[in-house]
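The values are calculated or read from the model by the stated rules, or taken from the named source; none is laboratory data. Quick caveat, the model's predicted, so the values are computed rather than measured. FYI the Cβ positions are ideal-geometry reconstructions off the backbone, even for glycines, and counts take in every protein chain you see. We work out accessible area using only protein heavy atoms, side chains counted, and drop any ligands, DNA or RNA first. Shrake-Rupley method; radii C 1.70, N 1.55, O 1.52, S 1.80 Å.
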Amino acid sequence: MGQKSIISTIYIKDGMAVKSPEGLEAPINAVELANQFNDSGVDKIVLFDLSEDDEEHEKNIMTIREINNNSEIKSCAGGNIKRLEDVKKFLYAGCNEVVLNGSKPETSDLVVEAANRFGKEKILVSIKNMDFIFKNQEILEEYVHEVLILNKELIANDGYESSCKVPYIVYVDEYDEEYLVKILSSPQIRGVAGLVVNRIHRYDIMGLKSKLSDRGISFDNFEPLLKWGDLTPNDKGLIPVIVQDYITKEVLMLAYMNEESFEATLRTGKMTYFSRSRNTLWVKGETSGHYQFVKKLTADCDKDTILALVSQVGGIACHTGAPSCFFNDIVTKEYIEKNPLKIFETIYDIIVDRRKNPKEGSYTNYLFDKGIDKILKKVGEEATEIVIAAKNPNKEEIKYEISDFLYHVMVLMVECGISWEEVTKELSRR
């Protein structure tokens with residue numbers, strides 16, 4: 001049957017998230033909403049651009065780009081697609097897939113063009129009735145990766161499945177466990193989306209997956225390689241948990257788990273601990289809103305300590321309001337930073353500071369003063385120097401020239417407003 005997906009949907013109007021194409025009132029921050037979905041365990045986000053003109057279209061694409069820069073999960077975008085250039089814009093904004101509107105007459109031709117240009121695996125089509133299916137069955141089966149069925153009545157009595165073999169995602173509004181189990185049992189369906197995800201289970205996607213998993217539906221949720229019985233708790237039945245930010249690797253806090261909190265963490269995807277002082281379970285962030293969403297749990301060699309990599313909501317782990325509980329210095333010995341990511345970040349931050357706070361005699365400020373053409377010239381020159389050094393070849397010279405090149409690339413990045421996070425995000429998608 002294969003693993004199924006839980007998919008959230010964000011409708012974007014004038015750069016903000018709205019409830020639906022009809023419910024435009026009370027817009028909220030789309031990036032923050034996407035981060036909530038990302039942390040809560042959804043498998044994909046569908047982003048619908050509700051723009052009415054080119055100016056708003058570009059604004060919404062900027063929001064979509066920001067969403068993708070801040071999220072690790074797959075995204076699919078659609079809306080206001082008139083030509084192949086619009087498909088390219090969504091893909092260049094970091095989307096893994098693009099959804100074309102099956103109710104538009106020009107869509108069939110655009111599907112073929114887009115699939116030939118970018119690959120079938122990137123092309124989806126949304127449908128509200130069977131008309132597009134009947135007229136374009138061969139095109140769908142040859143050029144489309146998935147179909148988004150926006151009207152669940154189309155799958156009643158196997159209507160869609162008897163007409164088209166393309167895998168599909170169906171939009172469902174109301175939560176009905178029996179109905180979800182029934183439709184997700186089909187080998188052809190890949191997942192569900194709609195209000196059943198957005199409204200009812202926005203903050204408990206892992207809980208929804210656990211319920212459906214208990215009914216035999218397979219998801220990409222936490223299936224632990226080690227059970228509690230494989231671990232070695234202390235004489236009080238507790239295991240210490242060291243908590244790190246999954247991106248920065250900063251140590252955030254130390255807490256304890258018992259078997260019940262361990263199982264709750266796996267079930268909900270939210271870090272749940274046992275309070276020794278209160279003798280009860282506690283979900284981190286339940287009162288403060290600073291939840292910790294699980295990214296990875298690892299046991300040490302003796303299996304008596306857990307290392308948890310988490311996404312820390314709000315960037316605050318300590319009850320004092322500090323980002324980390326570990327801020328009381330005892331002793332510090334100076335050392336040379338050798339972590340590549342830290343070095344890149346440090347140099348990048350220095351370049352940013354030079355631009356904001358010019359320093360007399362600074363070569364970096366000289367480049368910024370000369371402008372983009374000078375910066376590009378230096379990037380080109382340094383790239384050529386790498387080629388020359390590599391042809392010699394001299395390892396030390398190559399290292400030197402690569403370092404020069406990377407420095408000038410970082411100046412270019414700052415000039416163009418591009419961060420290392422955006423670059424590494426793009427690399428990870430490839």
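Just a few scattered comments:
- Residues of region 316-331 include none that is under 30 Å from S213 (Cα atoms) and among the charged types (D, E, K, R).
- Selection over region 86-126 of residues that are open to solvent by 20 Å² or more (accessible area, probe 1.4 Å) and part of a loop (DSSP other than H, G, I, E, B) gives a count of 5.
- Candidates N129, N80, N136 - the one that is open to solvent by 10 Å² or more (accessible area, probe 1.4 Å), on the phi > 0 side of the Ramachandran plot and either of a type in the set (S, T, N, Q) or in a strand (DSSP E or B) (or both): N80
- Hits in region 172-194 (condition: in contact (Cβ under 8 Å) with a residue 60 or more places away in the chain and either part of a strand (DSSP E or B) or of a type in the set (V, I, T) (or both)): I189, R190, G191, V192, A193
- Screening region 321-341 for residues that are aliphatic (A, V, I, L, M) and modelled with pLDDT of 75 or more and picking the one that is surrounded by the most Cβ atoms within 10 Å (Cβ to Cβ) gives A322.
- Qualifying positions in region 262-280 - surrounded by 23 or more Cβ atoms within 10 Å (Cβ to Cβ) and either of a type in the set (G, A, S) or touching a His at 6+ places or on another chain (Cβ under 9 Å) (or both): G269
- Inspection of region 218-233 finds a residue satisfying the criterion of being within 29 Å of the chain's Cα centre (by Cα), on the phi < 0 side of the Ramachandran plot, in a loop (DSSP other than H, G, I, E, B) and of a type in the set (G, A, S).
- Residue in region 157-164 that is hydrophobic (A, V, I, L, M, F, W, C) and closer than 30 Å to E66 by Cα present: no
- Top-ranked residue in region 139-165 [being of a type in the set (S, T, N, Q) and not in a helix (DSSP H, G or I); ranked as most open to solvent (accessible area, probe 1.4 Å)]: S162
- Subset of region 351-362 [farther than 14 Å from V409 by Cα and either part of a helix (DSSP H, G or I) or in contact with a Ser or Thr (Cβ under 7 Å, 6 or more places away or on another chain) (or both)]: D353, R354, R355, K356
- Conditions (1) in contact with an Asp or Glu (Cβ under 7 Å, 6 or more places away or on another chain); (2) within 14 Å of I306 (Cβ to Cβ): number failed by L281: (2)
- Across region 257-309, the number of residues qualifying as closer than 16 Å to P233 by Cα and modelled with pLDDT under 90 comes to 0.
- Residue check, Y168 aromatic (F, W, Y), touching a Leu at 6+ places or on another chain (Cβ under 6 Å), open to solvent by less than 10 Å² (accessible area, probe 1.4 Å) and under 28 Å from K19 (Cβ atoms): no
- Note on region 6-37: residues that are buried (at least 20 other Cβ atoms within 10 Å of the Cβ) and of a type outside the set (A, V, I, L, M) amount to 5.
- The strands (runs of 3 or more DSSP E) found wholly in region 261-346 and carrying at least 3 residues that are of a type outside the set (G, A, S) and either free of Cβ contacts under 8 Å to residues at least 60 places away in the same chain or over 25 Å from E421 (Cβ atoms) (or both) occupy 272-275, 280-283, 292-299.
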